[in-house]
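See below for the structure under consideration.
Every read-out reported here was derived from the displayed coordinates using simple, explicitly stated rules and does not represent laboratory data. Everything numeric here is computed off the predicted structure, so don't read it as measured data. Because the Cβ atoms are built from the backbone with ideal geometry, glycine has one as well, and the counts that use them run over all protein chains shown.
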Amino acid sequence: MKIAFVLSGLTAGGAEKIVNLLAHHRSDQGDTVCVLAINAADTQSYFPYAPQIGIETLRGRRTGSLSTAGLQLLRLRRMLRALEPDLVVTFLTKVNALVGLAALGLKTPVIMSERNNFLFQRKNPYWRLLSPIAARKAACLVMQTEQARAALPAALRSRAVVIPNPVTLPHAIASVSNDKIRIVAVGRLDKQKGFDLLLQAFRLVVDDLATATLTIFGEGPERGALKRQAHELGLFERVSMPGVTSSPAGWISKGDVFVLSSRFEGFPNVLLEALAGGMPTIAFACPWGPSDILKNEVGLLVPPGDVVQLGDAIRRLVVDTALRRKLAAAGPAIATRYSKSAVLAQWDAVISRATQPRPATPLAPGAHTAPRYRIGP
């Protein structure tokens, strides 16, 4: 089978990580695999690809305006015709819409995977209109949480499959320190990730935590604003923003407590990575993901956007060594629920289903292939 995976870029994001994993998995099974990065400037990837996996880009401008999107749509359609894949698998809202429109009239089945919270994403009104139209092309929609599937229009839910992100267990597990506590946050430096809220929360408790530091790993458009905020809050010597780590999950060894301060998520990979690495975790119970992952008291959940309670949770973990040890011990066991083998098996089932002769019969309500990942309405 020839499979084309389509995504926006080749940077250090969650979609890029799962595409890399899936591309190698399917290639190892004998498929011919191509990765098409619509907005990438070149074929250099943060997550390295094996030589047998082809990487292509449209080498055009990003899909900011409708005119640019129209040009990309034409280029994408020409490329899909040239590649002649047996299956196209797409990731992220705008890419899903572009591929859905570009594939209209083509016989190639398309799997669309939504990786973010489409209810909260800021989008041009035209994209909001086009997305559900393009989604009709999808043989299957892959969502990351049951909440995301439930938020789909009723006409699309019967084609939706819930598959969370996998987590790769790290080789090293973070140790619980009694000395200087290093608080770590990870993600793109933009408004969605709520690092401005994290800085506010840290300011509320920093005077009580004489040795605690905060490190925010990542890059993005809010770097300047966040650095100014840290300076204005008097946190300049206690907060650092070193950029993206040289390797995936390379930040685990740099911290003792992990904080997810996002305003919204699709499914937070970094939260799973922190748990797998034995890091005590705190997270806003934002939509979607953290409440599913941190249930049963394996981490501290804070009401969404509540800076005061986030500060209190940080103080509590920093001063309570016993609680940190308890959460650190619980994390890796929770992360095994999201093992790579289980998630890849779910993807294999979806790919098999999408490439069956049409029409495909939807699975019965409540049918599922593993306790965690349900298929069908």
Between the Cα axis of helix 223-232 and the main Cα principal axis of the chain, the angle (0 to 90°, nearest 10) is 20 degrees
Could you tell me the calculated FRET efficiency between Phe120 and Ala285, based on Cβ-Cβ distance and R0 = 22 angstrom, to the nearest 0.05? 0.95
Aspartates and glutamates whose Cα lies under 19 Å from that of Lys137, excluding same-chain neighbours fewer than 8 positions away: Glu84, Asp86, Glu114
Divide by every residue of the chain the summed helix terms, -39500 (n - 2.57) for each DSSP H run of at least 4, and state the resulting mean residue ellipticity at 222 nm, rounded to the nearest 500 deg cm²/dmol. -11000 deg cm²/dmol
With everything on Cα atoms, drop me the angle between helix 340-354 and the longest principal axis of the chain, reported from 0 to 90° to the nearest 10. 20 degrees
Length gained if Thr336 through Val319 is fully extended, taking 0.36 nm per residue and subtracting the Cα-Cα distance, is 3.3 nm
Given springs between every Cα pair under 10 Å in a Gaussian network model of the chain, which of Ala12, Ala50, Ala139 has the largest fluctuation? Ala50
Through the Karplus equation 6.51 cos²θ - 1.76 cosθ + 1.60, θ set to phi - 60°, convert the phi angles of region 198-212 into ³J(HN,Hα) values in whole Hz; use x for Gly and Pro. 5, 4, 4, 5, 5, 4, 5, 10, 4, 5, 8, 10, 4, 10, 6
Check: region 182-337 dipole with +1 on Lys, Arg Cβ and -1 on Asp, Glu Cβ, in debye: 200 debye
So how far apart, in nm, are the two label points at Lys295 and Ala225 if each is 7 Å from Cα heading toward Cβ? 3.4 nm
What shape does region 182-337 have by the C-alpha gyration tensor, where a ≥ b ≥ c are the square roots of the eigenvalues, rounded means a/c under 1.5, and otherwise prolate means a/b greater than b/c and oblate the rest? rounded
Anyone know which of Gln72, Gln29, Gln52 comes out most mobile in the 10 Å Cα GNM of the chain? Gln29
Among Leu87, Leu73, Leu130, which one moves the most in a GNM of the chain with springs linking Cα atoms closer than 10 Å? Leu130
Ranked highest first by the average count of other Cβ atoms within 10 Å around their residues, in what order do 301-310, 15-24 fall? 15-24, 301-310
Using only Cα atoms and rounding to the nearest 10 degrees, what angle (0 to 90) does helix 93-102 make with the longest principal axis of the chain? 10 degrees
Give me Thr93, Thr68 ranked fewest to most by other Cβ atoms within 10 Å of their Cβ, as a rough exposure proxy. Thr68, Thr93
Dipole of the chain (Lys/Arg Cβ +1, Asp/Glu Cβ -1, origin at the Cα centre): which of Gly70, Ala225, Val308 lies farthest to the positive side? Gly70
Among the listed pairs Lys180/Lys227; Lys17/Lys295; Lys180/Lys254, give every one whose C-alpha distance is greater than 18 Å. Lys180/Lys227; Lys17/Lys295
I need the calculated FRET efficiency for the pair Glu237 and Arg75, taking r as the beta carbon distance and R₀ as 51 Å, to the nearest 0.05. 0.55
If you count, for each residue, the other Cβ atoms within 10 Å and average over each peptide, how do 335-344, 260-269 line up from highest to lowest? 260-269, 335-344
